[in-house]
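Below: one structure, written as structure tokens.
Only the coordinates and a few stated rules stand behind these numbers; no lab work does. In this text the structure is predicted, and so the values were computed from the model without any measurement. Using ideal geometry, Cβ is built from the backbone for each residue, glycine included, and neighbour counts are taken over all protein chains shown.
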Amino acid sequence: MEKLHVVKIGGKVVDNEGSLESFLKSFVKVKGKKVLIHGGGKIATQVGLKLGVPPRMEKGRRITDRDTLEVVTMVYGGLVNRRIVAMLQGMGESAIGLTGADANLIQAKMRPKHPVDFGYVGDIEKESINVDMVQKILDLDLTLVLPALTHDGMGNLLNTNADTIAATFAIAMAEHFDVSLNFCFEENGVLSDYYKKTVVSKLDRPLYEQYEKDGVVFTGMLPKLQNAFNAKESGVKEVKIGHFQNLEDLMNDNQQGTTII
């Protein structure tokens, strides 16, 4: 099967224009069909504060009320997505930026209001992905750039975790492509010792569960790893986590980053 690279970039990469430019320069060197997925939480927080919409969080996850939804829509689907697409065009990469609402690419279900009401937050599964439309876009040799925005099919935009979109997208496309899923952020991989920056080269589920129990991995890394293992166990051929500056090496060298096994 033909290769498809699904790449998710972390918020700290998106937040820093220099880091984003450095990452995209590596990204455009990767040949073949590609999908890039991003968030933009820090920028959304900054814009929200300017507009009088402070963030509300629950265990590190953003509560998306109506006002917050307007902010993240402007930031994720507007400012950040347009900026990434423009930068890719400037580097000679033909790219298109779309939300999950466009062409019904990703239809989600609003998360239940209990035990925590997260507001306009969408949960997805592989059937949520409009695979036929994605294939048509990729067949045009366009790089698809997706923000963390989906819709419910009833007129509502929804905020959906970008790691979840990346993993679910990879799972849905794995029936049609040889999929490589790469989570790129500001560390060299999953760390067994945060202060010594010791990278775990290969991580299986029992070791991950032990790390979680011992508090070795926590906060934002937990949903990332949960999504990574979900993808690997659902047919995605290759799943890796590593530094955004090492994208090419991450894809081509087993010594780089953390490989999910």
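Miscellaneous remarks
- Distance histogram for the stretch 73-116 (every C-alpha pair counted, 5 angstrom bins, percent rounded to whole numbers): 5, 19, 17, 19, 16, 10, 6, 4, 3, 1
- The stretch 174-261: proportion of alpha-carbon pairs further apart than 20 angstrom, %: 29 percent
- Ranked by the mean number of other Cβ atoms within 10 Å of their residues, highest first, the peptides 170-178, 136-144 come out as 170-178, 136-144.
- Rounded to 5, percent antiparallel among DSSP beta bridges of the stretch 92-190: 55 percent
- Legend: P(r) of the stretch 1-80 from all alpha carbon pair distances, 5 Å bins from 0, whole percents, reading 3, 14, 22, 20, 15, 11, 8, 5, 1, 0.
- Of MET91, MET1, the sequence from fewest to most neighbouring Cβ atoms within 10 angstrom is MET1, MET91.
- With the highest mean first, a sort of the peptides 71-84, 214-227 on other beta-carbon atoms found within 10 angstrom per residue produces 71-84, 214-227.
- Between the stretch 175-202 and the stretch 66-140, the Cα center-to-center distance that results, in Å: 23 Å
- Working from Cα pairs under 8 Å separated by at least six residues, relative contact order for the chain is 23 percent.
- Applying a threshold of 22 Å to the alpha-carbon distances of LYS12/LYS50; LYS29/LYS196; LYS34/LYS202 flags LYS29/LYS196; LYS34/LYS202 as lying beyond it.
- Rg and Dmax over the alpha-carbon atoms of the stretch 41-129 stand at 14.9, 47 Å.
- Amide H contacts of LYS33 (H built 1.01 Å from N, in plane; Pro and chain starts excluded): HIS5 sit under 5 Å, all sequence-distant by 5 or more or on other chains.
- Hydrodynamic radius of the stretch 109-168 per Kirkwood, over alpha carbon pairs, in Å: 12.7 Å
- Within the chain, helix-based [θ] at 222 nm, where runs of 4 or more DSSP H residues each add -39,500 (n - 2.57), nearest 500: -10000 deg cm²/dmol
- Debye log10 I(q)/I(0) at q = 0.07, 0.08, 0.10, 0.18 Å⁻¹ for the chain, Cα point scatterers: -0.22, -0.29, -0.46, -1.61
- In terms of distances greater than 25 angstrom between alpha carbons, the cross-link table entries LYS3/LYS126; LYS126/LYS197; LYS42/LYS237; LYS3/LYS136; LYS8/LYS136 yield LYS126/LYS197; LYS42/LYS237.
- Each listed q (0.14 Å⁻¹) maps to a log10 I(q)/I(0) for the stretch 158-200 from the Debye sum over equal C-alpha point scatterers, namely -0.49.
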